[in-house]
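Scroll down for the structure; my scribbles are underneath it.
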Amino acid sequence: MMKDARYQQIGKEWSVTYLPERPNGFAVFLLSDNGVMTRASDSDWEAHPEKERFVNGLLQRGYTVVVPPLHANHWGSVNDYQMVLHMYHSVLKKEILNKQVHVLAEGTGALLALRWFEKNVEQVRSSYFINPCFNMLAYFRQEQENRWFFKRFVKEIANVYHEDESNVTDNLIRMISPPTTINHVPPLSIHCDINEKRFPLHVHSRPFYKS
């Protein structure tokens, strides 16, 4: 467990704020991929060795690190973005921090970052993406090739977006997808493993750079 970690339950989900010994006045928001969870007294950001090293590195540099409360399979939903925004305001009330925060998004966390760019980009100082999902429609069509995975994906989308499974079609995916063409984008960097299969580089990251 981190030395100074503050856990908070919002609705049914848990968030955690990691506080550095010597704050530099800036926060980093970690927008997790599907399946990366925070519980009442621990988080996958601590349990996973590489993630823990990353968080400790930020803390040593003085950053306040925030993991918002997200559903297990959030798929960038509007409700989950609202929880991110709630956490943003909550942390700024409790800590002395710059109002512009750094954002790191992994996998489907990129969808939440896009919503942040669209709605409240003035709050974001910079962004860093790891194997991001930028194109939900492409992923939807990719999953159609595997019946079992596609059925699970449809169920997850229907659940988090409060739709009937029969309504999960190309049109719905287009409607719920955050825009990738945004007038103002904060400084960003994208890291994508060339062997990434779930959200391949040529489908998600390269087209985003061109948009």
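Worth pointing out:
- Of all residues in the range 46-55 being under 14 Å from Lys3 (Cα atoms) and crowded, with 16+ Cβ neighbours inside 10 Å, the one that is modelled with the lowest pLDDT: Glu46
- Scanning the range 121-128 turns up at least one residue that is touching a strand residue (DSSP E or B) at 6+ places or on another chain (Cβ under 7 Å), within 15 Å of Pro178 (Cβ to Cβ) and of a type in the set (S, T, N, Q).
- Consider the range 1-31 and keep the residues that are among the small types (Gly, Ala, Ser) and touching a strand residue (DSSP E or B) at 6+ places or on another chain (Cβ under 7 Å). The one that is farthest from Gly107 (Cα to Cα) is Ala5.
- Any hit, the range 129-150, residues being within 30 Å of Asp4 (Cα to Cα) and not hydrophobic (A, V, I, L, M, F, W, C): yes
- Of all residues in the range 153-211, those satisfying the criterion of being among the charged types (D, E, K, R), surrounded by 11 or more Cβ atoms within 10 Å (Cβ to Cβ) and farther than 26 Å from Asn79 by Cα are Asp193, Glu196, Arg206.
- Within the range 1-32, the set of residues being among the polar types (S, T, N, Q) and either crowded, with 16+ Cβ neighbours inside 10 Å or more than 20 Å from Val160 (Cβ to Cβ) (or both) comprises Gln8, Ser15, Thr17, Asn24, Ser32.
- Qualifying residue in the range 89-101 (condition: in contact (Cβ under 8 Å) with a residue 12 or more places away in the chain, surrounded by 22 or more Cβ atoms within 10 Å (Cβ to Cβ) and of a type in the set (S, T, N, Q)): no
The values are calculated or read from the model by the stated rules, or taken from the named source; none is laboratory data. Quick caveat: nothing in here was measured; it's all calculated off a predicted structure. Backbone-built Cβ (ideal geometry, glycine too); neighbour counts: all protein chains shown.
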